[in-house]
Amino acid sequence: ILIDPSRFVTDLECSTLYPELPLVMMKLPIMAAEFFKADHGVFTVRAEHVRFYKRVFRSKPMSEFRKFPYVDFEVVLMRTDTDNPDENIFRRYPFFRSNYIEQRALFKKPGSMWKDPKLHLV
């Protein structure tokens, strides 16, 4: 199972006003990776963002930089293994933590709340 959060982008003006915005935007893909038990996160990354993905997610490049149609800059494909999450990421960025209830509220089909075997409601 792959999670590809590289389609989440922030407006340059907004990210200048709120420099933490790129990190906040990554919470949803992290929650999705945990909920769906993803094996990898994959990212198409601009050159100026490579250090961010290496630092925050321990991502590794899987390709050389290359151009793609309809994209005006070169990107590299990067991968992060998510099947064994690095606890260090949660220590450094505690707001990335989420619990099953939060994940389920975002990603489970509506109307199936009471049929969930992970929830032990009395």
>> So the check is Cβ under 8 Å with 6+ separation or different chains; which pairs have a first residue in the stretch 92-103 that's among the acidic types (D, E) and a second one that's part of a helix (DSSP H, G or I)?
In response: E102/M31
> Conditions: (1) under 18 Å from T10 (Cα atoms); (2) among the polar types (S, T, N, Q); (3) part of a helix (DSSP H, G or I). T44 meets all but one. Number of the miss?
Replying inline: (3)
> Of the numbered conditions (1) over 21 Å from P19 (Cβ atoms); (2) open to solvent by less than 80 Å² (accessible area, probe 1.4 Å); (3) in contact with a Ser or Thr (Cβ under 7 Å, 6 or more places away or on another chain), V71 satisfies every one except a single condition; which is it?
Replying inline: (3)
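How many residues does the stretch 35-60 contain that are aliphatic (A, V, I, L, M), open to solvent by less than 40 Å² (accessible area, probe 1.4 Å) and over 17 Å from R92 (Cβ atoms)?
The qualifying residues number 4.
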> Restricted to the stretch 1-34, and to residues that are within 23 Å of E102 (Cα to Cα), of a type in the set (D, E, K, R) and not in a helix (DSSP H, G or I), which residue is least open to solvent (accessible area, probe 1.4 Å)?
Replying inline: D4
> Name the pairs whose Cβ atoms lie under 8 Å apart, with the first residue in the stretch 27-52 and at positive phi, the second of a type outside the set (G, A, S) and open to solvent by 30 Å² or more (accessible area, probe 1.4 Å), and 6 or more positions between them or separate chains?
Replying inline: K37/I1; K37/D83
> So is D83 part of a loop (DSSP other than H, G, I, E, B) and modelled with pLDDT of 85 or more or not?
Replying inline: no
> Looking at the stretch 103-112, which of its residues are outside any loop (DSSP other than H, G, I, E, B) and open to solvent by less than 80 Å² (accessible area, probe 1.4 Å)?
Replying inline: Q103, R104, F107
> Can you name the condition, by its number, that K37 falls short on among (1) of a type in the set (D, E, K, R); (2) touching an Asp or Glu at 6+ places or on another chain (Cβ under 9 Å); (3) in a helix (DSSP H, G or I)?
Replying inline: (3)
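The values are calculated or read from the model by the stated rules, or taken from the named source; none is laboratory data. Source: prediction; values computed, not measured. Cβ sites come from the backbone with ideal geometry, for glycine too, and all protein chains shown count toward neighbours. With ligands, DNA and RNA removed, areas are computed over all heavy atoms of the protein, side chains included. Shrake-Rupley method; radii C 1.70, N 1.55, O 1.52, S 1.80 Å.
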